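First comes the structure, then the notes that go with it.
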2 protein chains.
Amino acid sequence: MSPPREPLTRERIVDAAVRLIEREGVEAVSMRRLAAELGAGTMSLYNHVPNKAVLVDLAAERIMADARPYQVDSDDWRDHIRAHARAVRELARRHPRAFVMLATRRLSSEAGFRTIEAALGNFDRAGFRGGVAVGMMRAMVSYLLGTLMREVATSPELGGIALSPYEDVDMSAFPLSAGVMDELGTYDHDQEFEFGLELLIAALERYRS
Amino acid sequence: MSPPREPLTRERIVDAAVRLIEREGVEAVSMRRLAAELGAGTMSLYNHVPNKAVLVDLAAERIMADARPYQVDSDDWRDHIRAHARAVRELARRHPRAFVMLATRRLSSEAGFRTIEAALGNFDRAGFRGGVAVGMMRAMVSYLLGTLMREVATSPELGGIALSPYEDVDMSAFPLSAGVMDELGTYDHDQEFEFGLELLIAALERYRS
DNA sequence: TCCGTGCGACGTACGGCGTACGTAGGAGGG
DNA sequence: CCCTCCTACGTACGCCGTACGTCGCACGGA
């Protein structure tokens, strides 16, 4: 009568963790809850995973592995940078609840270097080498990290702010803000992402000449 | 004999929370620990603060209030933007353990609009108005958020990574990375911050013409 | 002076957490 | 047939946030 329970596996545990993270965020993950979701005893998990921290690490890695290498058929370095940036954004949008966690975490050396190498390749194509290329890559990473954190934080489908922020503030003290109140109160993430991206690319172009 | 205990106050509680956050980070804050630090019973705190979440909010606000308006004597819009950016960085460096929390949190409308208004003023000086100015401000905020998160996360004095990351990775697969291994393994936050900042300013200049 | 009355401090208790530790049962090899 | 080892699991400890009830004290009015 007892259905032969699927045996516990690191695989199955990490899967469950990833699902839970994507559904309710990292803070919802607990060993007890995970075990319950798997129909197992809490402590059984510890036969496959040393502790919660590395379980979360494993889940983060699994999600990271969902980053697909970008595809682009162009010789223009700008198109490569655009495609790379958009691929990162795609990852963030596929896993909004996990993104902050991913961004905070140190990536595994292997995957990390794959990304770094690709980025360096793009800057190389643009004519940037050595320390300058590293600096540009880091500036780009910073911008991506920042916009995407903001985008994820303001996406309404996960409790992000709706606002309009001018509840009980005396706007007469802030004339410039008042003049762009409509723009301040709304987000067009597609357009904003592209705007910032083009801004940075323009800066690189200018740096070249 | 008993020294007349200083009475509990919202003020004193928030102070203790701020100190604890700056010393050990938000995750170290607990009502029990805070009470112990104040020589009071745990539940006494609830006479002055409705729950932990708003206590942390209050602490965040108090830290935020430490943001000093920047000073600069120049008519050049670039200098204003530089000064503003550096002021934000100063705040992050004064409160590294709290910065991620601050960045994640929604700022109080009043302080928020003061910052926004100042930023819009700088873009106005540069000749940018309306939606374009808002877009630029957001791009700038994204960059600041990103670099400073990275800077704080990699600052060694709070458990940031030391690395050199090439533990057991086969570097021959990543020739470009291998070529800049020294640069990848070290951070000069001052220089990197300024580099990215100048990059963005250059982009704005180019956009103007 | 005495008596409410109200407020701040505190203890207890509940349900949750991560996990150290001990145990039990079954599978596989000698 | 027995021994070993691996996996699953229960119990327990020390944390957490906080609902709730109580107690003592200061203060105002009679």
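The values are calculated or read from the model by the stated rules, or taken from the named source; none is laboratory data. Predicted, not measured: the structure shown is a model, and the values here were computed from it. Don't worry about glycine lacking a Cβ; one is built from the backbone with ideal geometry, like all the others, and counts go over all protein chains shown. Ligands, DNA and RNA are excluded from the accessible area calculation, which covers all protein heavy atoms including side chains. Shrake-Rupley method; radii C 1.70, N 1.55, O 1.52, S 1.80 Å.
Structure data summary
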| read-out | value |
| --- | --- |
| Residue identified as within 12 Å of DNA strand D (Cβ to nearest atom), more than 14 Å from chain A (Cβ to nearest Cβ) and either within 20 Å of B:Thr147 (Cβ to Cβ) or not in a helix (DSSP H, G or I) (or both) among B:Val49, B:Val72, B:Val54 | B:Val49 |
| Selection status of B:Ala111, within 13 Å of chain A (Cβ to nearest Cβ) and exposed (fewer than 15 other Cβ atoms within 10 Å of the Cβ) | yes |
| Filter pass, B:Ala28 being more than 10 Å from DNA strand C (Cβ to nearest atom) and open to solvent by less than 40 Å² (accessible area, probe 1.4 Å) | yes |
| Members of the stretch A:173-209 that are hydroxyl-bearing (Ser, Thr, Tyr) and modelled with pLDDT of 90 or more | A:Ser177 |
| Any hit, the stretch A:42-62, residues being touching a Gly at 6+ places or on another chain (Cβ under 8 Å) and within 15 Å of DNA strand C (Cβ to nearest atom) | no |
| Enumeration of residues in the stretch B:31-46 that are open to solvent by less than 50 Å² (accessible area, probe 1.4 Å) and assigned to a helix (DSSP H, G or I) | B:Met31, B:Leu34, B:Ala35, B:Thr42, B:Ser44, B:Leu45 |
| Candidates A:Glu27, A:Glu37 - the one that is under 17 Å from A:Arg97 (Cα atoms) and modelled with pLDDT under 95 | A:Glu27 |
| Which numbered condition B:Ala87 misses (of (1) within 15 Å of DNA strand D (Cβ to nearest atom); (2) crowded, with 16+ Cβ neighbours inside 10 Å; (3) free of Cβ contacts under 8 Å to residues at least 40 places away in the same chain; (4) assigned to a helix (DSSP H, G or I)) | (1) |
| Residue check for B:Arg106: part of a loop (DSSP other than H, G, I, E, B), more than 11 Å from DNA strand D (Cβ to nearest atom), closer than 20 Å to B:Leu148 by Cβ and within 14 Å of another protein chain (Cβ to nearest Cβ) | yes |
| Given (1) at pLDDT below 90; (2) more than 8 Å from chain A (Cβ to nearest Cβ), index of the condition B:Ala98 fails | (1) |
